[in-house]
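Every number here is computed from the coordinates shown, using simple stated rules; none is lab data. Predicted model only: the values in this text are computed from it and were never measured. Positions of Cβ are backbone-derived with ideal geometry, glycine not excepted, and every protein chain shown enters the neighbour counts.
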Amino acid sequence: MTKYSREEEDGTKTYIHAENCGGVLKTHNNKTAAVTNKGQKLKEYYLYGVKMSKDEWEKKRKWS
């Protein structure tokens, strides 16, 4: 898994975790939110590129 970051227009940083799936990077993290930005209070949950709610992610993450 690789962690990427980008600076937003408001000066905050967004961090994205991605997994290489057959040469395609897919947003993924089975330990915590895959996309985070503390300044914007952003947390998005993904498993293998599929965005889901935190509740759904918690149910499925143990199988990924």
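Just a few scattered comments:
- Theoretical gain in end-to-end length, Lys62 to Val50 [0.36 nm per residue, Cα-Cα removed]: 2.8 nm
- Here the stretch 2-56 is treated as an ellipsoid with the same Cα gyration tensor; its semi-axes, largest first and in whole Å, are 20, 14, 7.
- Here the simple spin-label model places points 7 Å from the Cα toward Cβ, and for Ser5 and Leu42 these points are separated by 1.5 nm.
- Result for the chain in a Gaussian network model with C-alpha springs under 10 Å: among Thr36, Thr27, Thr12, the largest mean-square fluctuation is at Thr12.
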